[in-house]
């Protein structure tokens, strides 16, 4: 059986298992969920090891007719880009389950429902990256909103219902614009060789479109992805959702679901509409740069620790978008690696922040203080995660941020230079809360906070290990990413600018 | 003058004749059977004749002829599909109607009178609703098959008159129910008059009352175009009234709200199939070559209907009124299938009608179950927390709402995709854009109900979910399963429709 299909089936089977465990055996339910996600993570690593990085076409492919009269197939396959993102998703899932062991308890519904939603969501996270049929991608893209919606609205805190609705409406609006574009593509493919949703065949359709059509269809896709990513000014749903969701859900939301947006920009916007992508690049670069700076300023001003992490993500997604639309091989590789790294550093930040606020009963940064003395392990974890978020050399994000900036500079020096200020601001928005929360005198009420327990240590250790290991040795991932990035650009005729050698003369 | 004895193809007319015979037997039972045995025998006769009619339809499914009844009835693939849909919807609705809790004890009694009280005390039942249903079904079966305008008018009246009566049979808030019946009747009578006027103009234009005769005149181009234009306009008014398209929609919210919920479900689902069947046949057969005369106006009506229905639904506080406006919006979506004027438009319309009809019956079935001591609870605010009280029921209702909203993995999405792509394929970009935008608006109020049910706490005011009768359970679960299956694996039905749907000339 196809490896990807198996990976998608496993969580579904796991959710069925969870469903038959009686409601009162909460521990069993959690164990079943953790076991399933671990199994999926292992199979994800196996797929990565068997992946042939020299081969730039889709691997592990499977295609079964789904709705033949519309040319719709259940078609899956991975290239370097989707492999990296699937790997990130399946590695984060067990960490989220383990780290958020008690997250389901403050919820509106039972723990069982929580883990069923998580497992169903995992299936969709794999599917959305693995789909090579645009219709299948769209179906999963939309359907995965439903479990997230219930996870935020049912188990979050504060104004959770309102945040969930805001998230859903934003996403649905974007999704419907994309649906219009998909219908457009479908009709155009029908006029030029028969109805199809195959991504490879559709990537030739731009030859048959007028530039107006191509621009409009591009916008349908891009706006949907820009909402998802999120790019300024379509970001306003994210802070609310991230602040209301449980830390685990926030990790999945920012770490994985938002990546669908940036993934989609590469896979669909660039590959399907290369000319329109070039047309809109100046505007998108501007938006990306604004996102970087604006997100950073919001983060500096944030008083709520969860919102702070959400704002830093807006800044980071600006970097990713910039790397993508720089249309250079380095920029692309950097953006893809950035997606992976951002998943892990945000996971670390959110999980530790979640533990901090669960212990203190508050998410306000000012309520913490002196944690370094009281809870050294927790403080160190937050510190390392923060350093990774500001791209300290030696940690994984540095490699990707550097690649993005270098890749952008060769084509858009001004954008790259402005974006560099984002790094300076990053130092501020990380170091200020680190100073306030971790250092200084112990704020009254914090004296007896317990440090991380064994379960929490086990959950955070692999995240920090990945952050450090990839900082020193990113090749295992870059080997997979680089050929894929080069292939995407080459396929649609984007060439890297020739490096000017005037400096050497 | 020589008398020609009519030649009828009884096999092809059997589905209609069986239902009519059942209705007549029902009338006899009302007249002669003892009161105690009426209910069970009526229910049996109704279900039996609907099932027998369906069996008769299956037997002749591959036949097609224009001579089923001397050129007045065209029996063809599209007709079979529409009749089949109507019968299935009718059977499911009859199960709901069988729950007599909804109906007044004695329709003839004055509301609030001594007579009414006695009738309630002696537990009388309005068993006459069963033969009325059968008469309406017979009219609906004939409506989309009629191939001349006189037959069409007769069928229209046969289906409408019983519905006017049935709308007035509600057990509670009887004045409202009777008012709605009167309103429906008066406006229906007006629209019938318009329809007749249109027939007269079309006869004046072409000298023929058959659809084919009119088509030949259109192709020949000999007639007076003013008459054609007036004829098309007036006939359209009559038909658009039945489907509730703006600006002929004013009756539908009041009637939906006032009528007994089971009747509303039947009316909303089955009437729509029948009326759209007739619209499709007339426009595809007679006016296909006179696009100039109706397409621009129809595009405008479709767009206004979509946008108006979706926008006004947002402000509704009553679940039945909300579903009424949602059905107006869906009428707009369905008109895009008429505008498409292509084979794929026809296929998509039939699929959409079936999927929408089934989901509608299921949704109204659920509405009948949410009650307090004085009957059904329509006020949406009192539905809050339903997910806590009755998770399965609330989830099922959410499924139907998601199907109406067109979320992937429900039948509504497949329907929306196919009907919009058909419209866009034949060049109606404006329909595609308006459709997608009003879907986004519509999503808002469907989701609002889901929020109410799942994210709000229950109000303690006596609102409760009654345990559904076995028949109601069947209807709701069949509708839910069909809605889900058609969303996940619609290929068999789509292929069947594609291979079968055809209008014979």
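Just so you know, all these numbers are worked out from the coordinates, no wet-lab data involved. Because the structure is predicted, anything quoted here is derived from the model rather than measured. All Cβ positions, glycine included, derive from the backbone under ideal geometry; neighbour counts span all protein chains shown.
Taking packing as the residue-averaged number of other Cβ atoms within 10 angstrom, the listed peptides A:364-371, A:140-147, B:111-118, B:255-262 run from highest to lowest as B:255-262, A:140-147, A:364-371, B:111-118. Shielding by partners for peptide A:171-179, expressed as the average number of C-beta atoms from other protein chains within 10 Å of each residue's C-beta, is 6. Per-residue Cβ neighbour counts within 10 Å put B:366, A:223 in the sequence A:223, B:366, beginning with the fewest. Calculate the length of the line joining the C-alpha centroid of region A:75-104 to that of region B:430-505, in whole Å. The two parts, judged by their Cα centres, are 32 Å apart.
Counting only alpha carbon atoms, the long axis of helix B:429-455 and the longest principal axis of chain B meet at about 10°. Region A:226-244 and region B:72-127 have Cα centres lying 50 Å from one another.
With neighbour counts taken as other beta-carbon atoms within 10 Å, the residues B:303, B:441, B:86 rank, fewest first, as B:441, B:303, B:86.
At an R0 of 56 angstrom, the distance between the Cβ atoms of residue A:455 and residue B:44 translates into a FRET efficiency of 0.35. Between helix B:491-500 and chain B there is an angle of about 40 degrees, using the helix long axis and the longest principal axis of the Cα atoms. Calculated mean residue ellipticity, 222 nm, chain A: -23000 deg cm²/dmol, from DSSP H runs (n ≥ 4) at -39500 (n - 2.57) each, averaged per residue and rounded to 500. One Cα centroid belongs to region B:305-352, the other to region B:156-201; the line between them spans 21 Å. Sorted on the mean count of surrounding Cβ atoms within 10 Å across their residues, most packed first, peptides B:33-45, A:127-139, A:278-290, B:149-161 read A:127-139, B:149-161, A:278-290, B:33-45.
When every Cα-Cα distance of the protein assembly as shown is counted in 20 angstrom steps from zero, the calculated P(r) takes the values 13, 40, 31, 14, 2, 0 percent. Peptides A:404-416, A:163-175, A:453-465 ranked from most to least packed, by the mean per-residue count of other Cβ atoms within 10 Å: A:163-175, A:404-416, A:453-465.
Working from Cα pairs under 8 Å separated by at least six residues, relative contact order for chain A is 15 percent. Ignoring everything except DSSP H segments at least 4 long, calculate the 222 nm mean residue ellipticity for chain B; use -39,500 (n - 2.57) per segment, divide by total residues, nearest 500. It comes out at -23500 deg cm²/dmol, rounded to the nearest 500.
Look at the stretch B:451-461: the mean tally of other chain Cβ atoms within 10 Å of its residues' Cβ atoms is 3. Residue by residue along B:416-423, Cβ atoms of other protein chains within 10 Å of the local Cβ number 5 on average. Short-range pairs are left out: with C-alpha atoms under 8 Å and at least six residues apart, the relative contact order of chain B is 16 percent. Exposure proxy shown here: for A:297, B:455, B:266, the number of other Cβ atoms within 10 Å sets the order, fewest to most, as A:297, B:455, B:266. Its Cα gyration tensor gives chain B an equivalent ellipsoid, and the semi-axes of that ellipsoid, as √(5λ) in whole Å with the largest first, are 35, 28, 21. Taking Cα atoms only, the orientation of helix B:291-313 departs from the longest principal axis of chain B by about 10 degrees.
When you restrict to C-alpha pairs under 8 Å that are six or more residues apart and normalise by the size of region A:274-496, the relative contact order lands at 29 percent.
Computed over the alpha-carbon atoms, region A:177-300 gives an Rg to Rh ratio of 1.05, Rh here being the Kirkwood radius from the mean inverse distance. Taking all Cα-Cα distances within region B:136-273, those exceeding 28 Å account for 23%.
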